[in-house]
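Reviewing the structure listed below.
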Amino acid sequence: EVQLVESGGNLVQPGGSLRLSCAASGFTFRNYWMTWVRQAPGKGLEWVANIKEDGNKKYYVDSVKGRFTISRDNAKNSLYLQMNSLRAEDTAVYFCARLVARQTKDYWGQGTLVTVSS
Amino acid sequence: QSVLTQPPSVSAAPGQKVTISCSGSSSNIGNNYVSWYQQLPGTAPKLLIYDNDKRPSGIPDRFSGSKSGTSATLGITGLQTGDEADYYCATWDSSLSAGVFGGGTKLTVL
């Protein structure tokens, strides 16, 4: 059974940093692109970043470029999102998801809440 | 403002049919595949339709998808109260080199 479990969400002050993790199981993690998607309170889904199977290609939404870094450790079956220079507008539930052909997100984690506030 | 445009809400009675539209452009829907996601209150999104019109195993055939030009449509027949949720379309935007979602549509089954 495919499982994705996010962790690392917390309350952080503006300008602070946080690292989210996503532990994957039930599939061969190194064979799949992965993605982060976020959802601000009461708002819709927003794509954040994608990472290729080997970690050598990454894409980001403009609003996080230069501040967030997506990475992975295939030996640990884990996906990460390093978030720096956090802003109030980054407050959201962050979901990791598995990507299959043509950008389909076929399995999602339960999400982890990041709150940026003083 | 989302790159993909969906109606904020739709409603219909139990047993009826509803369609949800998703409008984009040539850089996204026009040249890429569309997927649809259902998000029940307080839960993670769930894949409903992929590759414009394909259903993953376990998704009932009451749910259907189609695409024409720069628009896509999700159809739900035989509405049930359990279908009340937010529905999102998504695709890749080749000009932005970015994933994009519609703003979401809240379905109410009256």
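List of remarks:
- Volume per residue of the C-alpha convex hull in chain B, rounded to whole Å³: 93 Å³
- Separation between Cα centres of the stretch A:95-112 and the stretch B:1-52, rounded to whole Å: 16 Å
- Note: relative contact order over the stretch A:24-118, using C-alpha pairs below 8 Å and six or more positions apart, is 28 percent.
- Simple spin-label estimate for A:Ser63 and B:Ser11 in nanometres, 7 Å along Cα-Cβ: 2.9 nm
- When only Cα pairs below 8 angstrom with a gap of at least 6 residues are kept, the stretch B:44-102 shows a relative contact order of 18 percent.
- Put a plus charge on the Cβ of each Lys and Arg, a minus charge on the Cβ of each Asp and Glu, and nothing anywhere else: the dipole of the protein assembly as shown about its Cα centre is then about 320 debye.
- Of all accessible heavy-atom area on the protein assembly as shown, the percent that carbon and sulfur account for (1.4 Å): 45 percent
- Cross-link reach list, lysines versus B:Lys106, counting only Cα pairs under 18 Å and skipping chain neighbours closer than eight places: A:Lys43, B:Lys17, B:Lys46
- Percent RCO, i.e. relative contact order, over the stretch B:12-91, from Cα pairs under 8 Å lying at least 6 residues apart: 42 percent
The values are calculated or read from the model by the stated rules, or taken from the named source; none is laboratory data. Bear in mind that the values here come from a model prediction, so they are computed numbers and not experimental data. With ideal geometry, Cβ positions are generated from the backbone for all residues, glycine too; neighbour counts draw on all protein chains shown. Remember, those area values only see protein heavy atoms, side chains included, never the ligands or the DNA or RNA. Shrake-Rupley method; radii C 1.70, N 1.55, O 1.52, S 1.80 Å.
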